[in-house]
Amino acid sequence: MKLENKEKNLLGQTVCAWALVTLFFSYQYVLRMSTGWMIHELRTDFNLTAEQFAQVGAWAMYAYALLQVPVGFIVDRIGVKKTVLGSIVICLGGTYLFTIAPTFAVAKFSRILVGAGSACAFMCALKIVADSMSMRLRGYFLGATLALGVIGPMIVSRHFVGLVEQAGWRQALQIAGLFGLPLLVLIYFIVPKQDFKNTAFKDKAFKEVYKDFLIIIKDSRIILYAFLAIGLYTPLAVLSDLWGTVFFREKYLLTKADAAFTSTIMYVGLGLGSIILPGLCAKENRLNRAIQICLIGFLVLFSVVLYGPVFDRFQLTFLLITMGFFCGAEMMCFSGATLYSTPSNSGLTIGVVNTLNMLAGAVLEQAIGAGLDFQWEGLMSEEEGIRLYTKEQFVIALSILIVVIGLCAIGSLFLKKKRKQQG
């Protein structure tokens with residue numbers, strides 16, 4: 001009986017720690033996506049072109065991406081609690097600096113801090129699950145981490161846009177930053193001190209880690225799965241995090257609040273797909289086939305939304321949720337990549353795949369901005385003095401996402417049956 005109670009207490013502590021870190025994952029999502037909800041205000045305040053505005057989002061993603069592997073080393077050495085506490089402080093510091101930034105250069109640096117502070121959130125939540133939960137619970141909590149994490153932006157988007165319109169973007173973001181303080185306190189007092197460390201990896205020599213890294217990046221099978229993950233997640237992130245709000249306003253004539261909310265809807269499907277698809281494909285032994293089908297389905301639906309007629313709100317919502325569901329196959333790309341890793345370098349493999357994924361997102365965000373500026377025909381806003389872009393120009397600029405998804409769909413045809421787990 002005492003042993004059972006002790007196990008229940010340990011499980012309870014683990015679930016609480018996971019819930020708080022997942023809450024941070026959701027919170028940092030809001031901070032990173034907020035720039036897409038303030039595009040007009042930021043462009044006016046700093047007098048930005050489309051490409052310059054894209055840098056505001058891209059620099060956060062660059063920092064997030066490039067720190068995935070180093071943060072993995074840090075978490076294994078000092079544990080989840082210290083890593084998350086330090087990350088929240090950096091995230092909040094970057095957010096506050098952004099709200100008082102006098103120049104565009106300072107604004108970009110502050111976004112780098114936000115991206116750096118966000119880098120550990122998803123990884124730490126997954127680490128708690130992987131290191132402390134039974135196989136029976138692990139799959140459920142892995143999917144729930146992503147599903148719960150993306151709910152935050154959906155809940156907050158409308159309210160945040162309203163706050164921006166009433167108080168201005170700087171004060172609205174300062175208020176959003178204040179919500180991180182109670183989260184910092186809760187994690188400090190609730191997450192166990194001796195937590196979730198990989199002591200075996202801690203003693204691993206740097207040369208061995210570097211050797212593992214070279215093995216991973218030279219394995220064409222792992223890189224192929226990383227490439228396919230880019231096609232499944234990056235277009236969704238680029239549209240939802242940065243360019244979706246203004247695109248839906250231009251094409252579907254939505255209010256700013258409705259456009260911001262609509263840009264987050266794909267994450268509902270992503271959460272569902274991340275939970276349902278891996279389970280179905282594991283049971284039916286069809287991992288590769290599912291990735292191929294999801295890429296083709298995503299390509300078709302994205303083309304319909306981008307090039308098709310103006311749909312009503314119900315039709316658009318259905319299309320976006322279904323697109324997000326197909327994007328849930330991204331999690332299977334991580335699973336596929338780890339099929340060719342070993343227990344000693346599986347974490348590093350995931351870090352490499354995620355790094356390439358996020359780097360591609362940053363590059364595409366800037367590419368779309370550059371595409372808009374390239375098409376610009378001299379139209380200016382009389383009141384704010386910023387460049388204006390037409391619906392047709394947005395469609396052409398966003399077409400680069402169609403190209404990326406199409407290339408990945410073709411690339412998925414080169415997936416091969418190598419192991420029993422694959423189909």
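The table that follows gives values for the structure above.
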read-out	value
Option label - Cα extents along the principal axes in Å computed here, alternatives (i) 103, 45, 39; (ii) 67, 56, 50; (iii) 71, 48, 43	(iii)
Charged-residue dipole, Cβ positions (Lys, Arg, Asp, Glu), the chain about Cα centre, Debye nearest 20	1920
Whole-percent pair-distance distribution, where bins are 10 Å wide, for the alpha carbons of the stretch 110-169	19, 32, 30, 14, 4
Centroid-to-centroid separation of the stretch 351-380 and the stretch 24-88 [C-alpha atoms, Å]	16
Over 14 Å [Cα-Cα, the stretch 358-419], rounded percent	67
Label-to-label distance, nm, for residues given as residue 255 and residue 379 (7 Å Cα→Cβ offset)	2.4
Out-of-range pairs (alpha-carbon distance over 31 Å; input 127/207; 193/218; 108/256; 127/211; 251/416; 82/211)	193/218; 251/416
For the stretch 287-423, projected area of the alpha-carbon convex hull averaged over all directions, nm²	10.7
Residue 131-residue 78 pseudo-label distance in nm [points 7 Å out on the Cα-to-Cβ vector]	1.4
Estimated inter-spin distance, residue 342 and residue 312, nm [label 7 Å along Cα→Cβ]	6.0
Extension gain, residue 300 back to residue 207 (0.36 nm per residue minus Cα-Cα distance, nm)	29.0 nm
Quotient of Cα Rg and 2.2 N^0.38 Å for the stretch 64-162, N being how many residues it contains	1.25
Convex hull (Cα only) mean projected area of the stretch 1-113, reported in nm² to one decimal	8.4
HN-Hα J in Hz across the stretch 109-121 - Karplus 6.51, -1.76, 1.60, θ = phi - 60°, x for Gly and Pro	4, 5, 6, 4, 5, 4, x, 5, x, 7, 4, 8, 4
Whether the stretch 140-194 is rounded, prolate or oblate, judged on the alpha carbon gyration tensor where a/c under 1.5 counts as rounded	oblate
Accessible area expressed per residue, the chain, with surrounding protein chains retained (probe 1.4 Å, Å²)	44
Selection of GluC sites (Glu not before Pro), the stretch 309-397, meeting DSSP coil and at most 16 other Cβ within 10 Å	377, 382, 383, 384
Accessible-area ranking of 267, 62, largest first, probe 1.4 Å	62, 267
Per residue convex hull volume, Cα atoms of the stretch 236-366, in Å³	109
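The values are calculated or read from the model by the stated rules, or taken from the named source; none is laboratory data. Here the structure is a predicted model, which is why all the values come from computation and not from measurement. We place every Cβ from the backbone using ideal geometry, glycine too, and count neighbours over all the protein chains shown. We work out accessible area using only protein heavy atoms, side chains counted, and drop any ligands, DNA or RNA first. Shrake-Rupley method; radii C 1.70, N 1.55, O 1.52, S 1.80 Å.
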